[in-house]
Amino acid sequence: NKKRIIFYYINPNGYDKLEVLISTNGGATFTKICNTITTATSWSLQTYDFVSSSAQTIIRLTATSDYGTTDIGIDSLNVGDVPSCLPPTTVLANNITSNSATITWTAPFPISPNGYEYYFTASQFVPSMETIPMGTTFSDLNLELLTPNTTYYVWLRSVCSGNEKSVWSSATNF
């Protein structure tokens with residue numbers, strides 16, 4: 001049974017690191033399922049698939065501190081079946097001016113038939129699934145009338161059907 005662990009991660013600076021491990025035998029042994037996660041200056045989506053049909057599956061997150069001024073942050077951790085509705089990836093801000101930007105992304109496969117919802121803010125906190133999107137787009141997103149000298153964070157999610165939406169993408173900021 002193919003499963004997925006998904007969460008948002010931030011580690012603004014330093015040498016803190018995080019590892020994700022899986023045990024399918026009640027904790028007798030663990031296998032690392034991803035490369036060590038280190039610096040992420042804004043909330044980034046982490047997605048890892050694994051196979052397990054064991055009722056004794058244990059997921060372990062192991063963090064190592066650098067004893068600095070910042071810590072690792074983890075938010076919206078979810079474990080479940082691999083979803084059929086996937087978020088956009090490689091979200092980028094282009095053509096940035098003092099009050100506008102164009103947001104582009106790589107569409108998942110299959111491409112979302114109902115477009116992509118977007119949310120942007122000056123706060124780097126990840127929107128929840130219940131967050132009301134600011135709109136829907138089917139192609140590049142042009143953000144205009146932005147406040148100069150403000151850092152914005154943008155997230156997108158796929159709308160696969162009326163009641164099926166992906167998680168929010170990793171943020172891009174500009």
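The values are calculated or read from the model by the stated rules, or taken from the named source; none is laboratory data. Quick caveat, the model's predicted, so the values are computed rather than measured. Note that we place each Cβ from the backbone using ideal geometry, even for glycine, and neighbour counts take in every protein chain shown. All accessible areas refer to the heavy atoms of the entire protein, side chains included, with ligands and DNA or RNA removed. Shrake-Rupley method; radii C 1.70, N 1.55, O 1.52, S 1.80 Å.
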Given (1) more than 19 Å from residue 9 (Cβ to Cβ); (2) open to solvent by 30 Å² or more (accessible area, probe 1.4 Å); (3) part of a loop (DSSP other than H, G, I, E, B), index of the condition residue 146 fails: (2)
Identify, by number, the condition in (1) hydroxyl-bearing (Ser, Thr, Tyr); (2) in contact with a Gly (Cβ under 6 Å, 6 or more places away or on another chain); (3) open to solvent by 60 Å² or more (accessible area, probe 1.4 Å) that residue 70 doesn't meet. (3)
Residues of the stretch 130-143 that turn out to be touching a residue at least 40 places away in the same chain (Cβ under 8 Å), surrounded by fewer than 17 Cβ atoms within 10 Å (Cβ to Cβ) and either within 19 Å of the chain's Cα centre (by Cα) or under 23 Å from residue 41 (Cα atoms) (or both), as a count: 0
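Answer yes if at least one residue in the stretch 74-83 is more than 30 Å from residue 26 (Cβ to Cβ) and either in contact (Cβ under 8 Å) with a residue 24 or more places away in the chain or under 19 Å from the mean Cα position of the chain (by Cα) (or both), and no otherwise.
Within the stretch 74-83, not a single residue is more than 30 Å from residue 26 (Cβ to Cβ) and either in contact (Cβ under 8 Å) with a residue 24 or more places away in the chain or under 19 Å from the mean Cα position of the chain (by Cα) (or both).
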Considering only the stretch 14-51, how many residues are open to solvent by 60 Å² or more (accessible area, probe 1.4 Å), assigned to a loop (DSSP other than H, G, I, E, B) and touching an Asp or Glu at 6+ places or on another chain (Cβ under 9 Å)? 4
Taking only the stretch 1-13 into account, find how many residues are outside any strand (DSSP E or B) and closer than 27 Å to residue 153 by Cα. 2
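Just to check your reading of the model, which residue among 112, 76 is modelled with pLDDT under 95, among the small types (Gly, Ala, Ser) and open to solvent by less than 30 Å² (accessible area, probe 1.4 Å)?
Details: 76 fails: open to solvent by less than 30 Å² (accessible area, probe 1.4 Å).
Result: 112 is the single residue among 112, 76 that is modelled with pLDDT under 95, among the small types (Gly, Ala, Ser) and open to solvent by less than 30 Å² (accessible area, probe 1.4 Å).
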Within the stretch 160-172, can one find any residue that is more than 18 Å from residue 92 (Cα to Cα), within 13 Å of the chain's Cα centre (by Cα) and of a type outside the set (D, E, K, R)? yes
